[in-house]
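A quick write-up on the structure given underneath.
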Amino acid sequence: MENSAEPWRDPALPVDERVTALMAEMSLEDKVGQLGSAWLGQRAAGEVSPMQDALPDSLPEHGLGHLTRPFGTAPIGHQDGIERLAELQRKVIAANRFGIPAIAHEECLTGFATLGATVYPASIAWAATFDPELVGRMAAAIGADLRAVGVHQGLSPLLDVVRDYRWGRVEETLGEDPYLVATLGTAYVRGLQSAGVVATLKHFAGYPASRAGRNHAPVSVGPREFSEVLLWPFEMAVRDGGARSVMNSYSDVDGLPAAANEQLLTGILRDDWGFDGVVVSDYFAVTFLQTTHRVAASRAEAAALAIDAGIDVELPSTHCYGELVALVRSGQLPEKLVDRAARRVLTQKVELGLLDPGWTPAAGVATLDSPANRTIAAEMAEKSVILLANTGVLPLEASSIALVGPCGDDPLAFMGCYSFPNHVLPHYPGVASEVAAPSLLASLRNEIPSSVVSFHEGCPIRDPDRGGISTAVEAARAADVCVAAVGDRAGLFGLGTSGEGCDAADLSLPGVQSELLEALLATGTPVVIVVVSGRPYALGDYADRAAAIVQAFMPGEEGGPAIAGVLSGRVNPSGRLPVQVPRITGGQPGTYLHPPLGGDSAGISNLDPSPLFPFGHGISYTTYAYSGLRLEPAEIPVDGTFAVSVTVTNTGSRNGAETVQLYLRDLYAQVTRPVRQLTGFCRVRLDPGEQAEVTFSVHADRTSFVGRDLRRIVEPGEVEVLVGSSSEMLPCVGKVRVVGAVRVIDGDYVRTTPVEVSRKGVG
């Protein structure tokens, strides 16, 4: 033993023994200290979160659970940040009698959110890759950078399943399908935690289903949709990914805020799923129980509700949990609730090595935007760009190109709302981002040096300024081809057109960009529409007139070269839609996961909700053929497994990557079911003429659903099996029969669909 007087510092002892020994020596005040947080200094230039400037700027007594965003609050060089964090940790250690450091956490939705760090594509772009291995590699790189500078916890991934494209935070999500969200989110968790950094699942749960897509709005969903769609990715990330932290949702579901929902934070998360990590509050969520939800009349009542429900640590500061000592002393709150939360926090600190003898803050890393990081960012960007339509004008072979549009010469359009340049630097207009991010204009000129590329903004992203449209139109008329770069600028709370608090009234392009497109399309010059955005916009008015349409979901610092590479043909596009592209600006539903009456409006309604481009869609500069569907066996018991095999052939003249997608459809069930649902997917790279056999192993659990009595069941009956390149392009169709009595799933079950690829050579 290193120190017999302090057994909690002995790495040879089991974690639980170390924590028990420490808690036996701690006072109530010491334990409550571990449940709080502090957001200190560097806030004079502006807030990056509501209420931020109202926070205390000093360390509390009796210890501290978390240090909030020591790097990501203001522009600070990473070496200065390391030194500042080390100084803060020394103060935290000195301020509590046990010398316990704090857990330092940071945002990492598009990479480490600090000055000079790599800006990866936004989460919606990760989803467009359909590549969990790449997402895992990116997360491991992010985790390594965080750990190297002394950060222990990352506030990512976001596992909210998109339900309404108007919601501002669509860009932060992994799309509208729970299996895609779950698979990629779990890969991110494993990658980040492989670097020794705690991943935080958010926002648990219901947030993306807010009414009218409005931030923080109430959520009205039934228990079946809540379980099957909104909870499901969290379950996979907890049970299969081993996530060590969860953050609550701001929203209330049917009148009950998540921060005060014991059934959610304790019953489902811990009792049902076996989660044994730490639940942290979203920023100010405990306070909001009093100030916005009004289910508590005071900070003390809010604290009592939250800790009873299962929130262990209040973030970003100790605004309400400071009342816990008085609540316990007065008999209004059982001390066992404080003990429960403190044990979880201290367990995590022991697991992170913060109580090991000789622990010191990190020494640092040479650069946070290394060549290795940029290579991953470039691969992610290239794989995420989606070619939606092409009449043959792409790849570009033009001697003159008119690049028009507000996203054409603005690299910030490539970055999400939680990227440091868009999240923090708007408050510091004189500070450079320190990250090289070429614009589309610079990238096109570099990519196609034989072409003369002119640029005209045409109009701003949001402001109704039409003054530049006529000049842009003249430039388009004079060119061989026009590339119209339109879309979003990410921001926070109304400062952008996409991002947290930047919700949309409808799905028309922001500002007067639609007018710009109409004017360009009227010139007669072939127009390639490039949408750089955080959400899908309705493009039905342009689809029949555009020469090509490209969708790039905020592709990060390497987005310019990636888009230019697709336009030139250097990159064969392989991205696929993780959300649908609407046909009309008010088209609903906002997801392909609908029962029959949710999509077929013929004879029922005058509105057609069908998408312009469906979930999973994306085309290439080569072509692929599907053949030879085999289902073995064609009949399985309610706990059995069947294999789905199909041959995919590259029938074109270029190598490329096809995303093979497997969907299931329950033909008849005791409750309404989606017309089809993604059940497996696999990216397959093929040379011209090459064939591969893709085999999915589907357990009967993958046909399960929440039945009439709200229990998950596998029901006997016929299941349609569909394989193809999108949710609507499914040339291979068969049926499997599930036989036996209804099986109730009580406990764990199979959530994944393993896949194998066998190369067959040239066909």
Among (1) hydrophobic (A, V, I, L, M, F, W, C); (2) over 25 Å from Val694 (Cβ atoms); (3) assigned to a loop (DSSP other than H, G, I, E, B), there is one condition Phe615 misses while meeting the rest; what is its number?
(2)
Has the stretch 53-64 got at least one residue that is outside any helix (DSSP H, G or I), surrounded by 15 or more Cβ atoms within 10 Å (Cβ to Cβ) and at pLDDT 90 or above?
yes
Please indicate, with yes or no, whether at least one residue in the stretch 78-91 is part of a loop (DSSP other than H, G, I, E, B) and surrounded by fewer than 24 Cβ atoms within 10 Å (Cβ to Cβ).
no
Could you list all residues from the stretch 702-727 that are surrounded by fewer than 19 Cβ atoms within 10 Å (Cβ to Cβ) and of a type in the set (D, E, K, R)?
Arg708, Asp709, Arg711, Arg712, Glu718, Glu720
Considering Ala505, Ala519, which residue is outside the structural domain of Thr73 (by TED's automatic domain parsing), surrounded by fewer than 24 Cβ atoms within 10 Å (Cβ to Cβ), farther than 18 Å from Tyr165 by Cβ and in contact (Cβ under 8 Å) with a residue 12 or more places away in the chain?
Ala519
Residue under question is Ser443, and the condition is that it be under 16 Å from Leu567 (Cβ atoms), surrounded by 18 or more Cβ atoms within 10 Å (Cβ to Cβ) and out of contact with any strand residue (DSSP E or B) (no Cβ under 8 Å at 6 or more places or on another chain); does it hold?
yes
Checking Ala377 against (1) under 22 Å from Ala139 (Cα atoms); (2) touching an Asp or Glu at 6+ places or on another chain (Cβ under 8 Å); (3) at pLDDT below 95; (4) not β-branched (Val, Ile, Thr), only one condition comes out false. Which one?
(3)
Residue under question is Glu500, and the condition is that it be in contact (Cβ under 8 Å) with a residue 12 or more places away in the chain, surrounded by fewer than 16 Cβ atoms within 10 Å (Cβ to Cβ) and either outside any helix (DSSP H, G or I) or in the same structural domain as Ala564 (by TED's automatic domain parsing) (or both); does it hold?
no
Pairs only if they're at least six apart or on different chains, beta carbon under 6 angstrom, first in the stretch 311-330 and in the same structural domain as His62 (by TED's automatic domain parsing), second acidic (Asp, Glu) and not in a loop (DSSP other than H, G, I, E, B); list them, first residue then second.
Val325/Glu29; Val328/Glu335
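Hey, can you tell me all the residues within the stretch 446-480 that are in a helix (DSSP H, G or I), out of contact with any Gly (no Cβ under 6 Å at 6 or more places or on another chain) and either touching a residue at least 60 places away in the same chain (Cβ under 8 Å) or buried (at least 22 other Cβ atoms within 10 Å of the Cβ) (or both)? Don't jump to the end; show me each part of the working.
Taking the stretch 446-480 as the starting set, the residues that turn out to be in a helix (DSSP H, G or I) are 446-447, 469-478.
The next check asks that each one be out of contact with any Gly (no Cβ under 6 Å at 6 or more places or on another chain); those that pass are 446-447, 470-471, 473-478.
Scanning the stretch 446-480 gives Asn446, Glu447, Ala475, Ala476, Ala478.
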Given the criteria at pLDDT 95 or above, crowded, with 18+ Cβ neighbours inside 10 Å and either closer than 18 Å to Leu155 by Cβ or hydrophobic (A, V, I, L, M, F, W, C) (or both), does Ala104 qualify?
yes
Looking for whichever is of a type in the set (A, V, I, L, M), at pLDDT below 95, under 22 Å from Ser439 (Cα atoms) and assigned to a loop (DSSP other than H, G, I, E, B) here; the options are Leu509, Leu495. Which one fits?
Leu495
Of the conditions (1) within 26 Å of the chain's Cα centre (by Cα); (2) surrounded by 16 or more Cβ atoms within 10 Å (Cβ to Cβ), Ile401 fails just one. Which one is it?
(1)
Considering the stretch 734-756, residues that are more than 22 Å from Asn650 (Cβ to Cβ) and in a strand (DSSP E or B), and then whichever is farthest from the chain's Cα centre (by Cα), we arrive at Val739
Somewhere in the stretch 401-419, is a residue closer than 15 Å to Val531 by Cβ and among the charged types (D, E, K, R)?
yes
Taking the stretch 315-337, which residues are surrounded by fewer than 23 Cβ atoms within 10 Å (Cβ to Cβ) and of a type in the set (Val, Ile, Thr)?
Val325, Val328
Would it be correct to say that Leu354 is within 30 Å of Gly511 (Cα to Cα), in contact with a Pro (Cβ under 6 Å, 6 or more places away or on another chain) and surrounded by fewer than 23 Cβ atoms within 10 Å (Cβ to Cβ)?
no
Selection status of Ala543, closer than 28 Å to Pro121 by Cα, touching a residue at least 40 places away in the same chain (Cβ under 8 Å) and more than 21 Å from the chain's Cα centre (by Cα):
yes
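The values are calculated or read from the model by the stated rules, or taken from the named source; none is laboratory data. This is a predicted model, so every value here is computed, not measured. Positions of Cβ are backbone-derived with ideal geometry, glycine not excepted, and every protein chain shown enters the neighbour counts.
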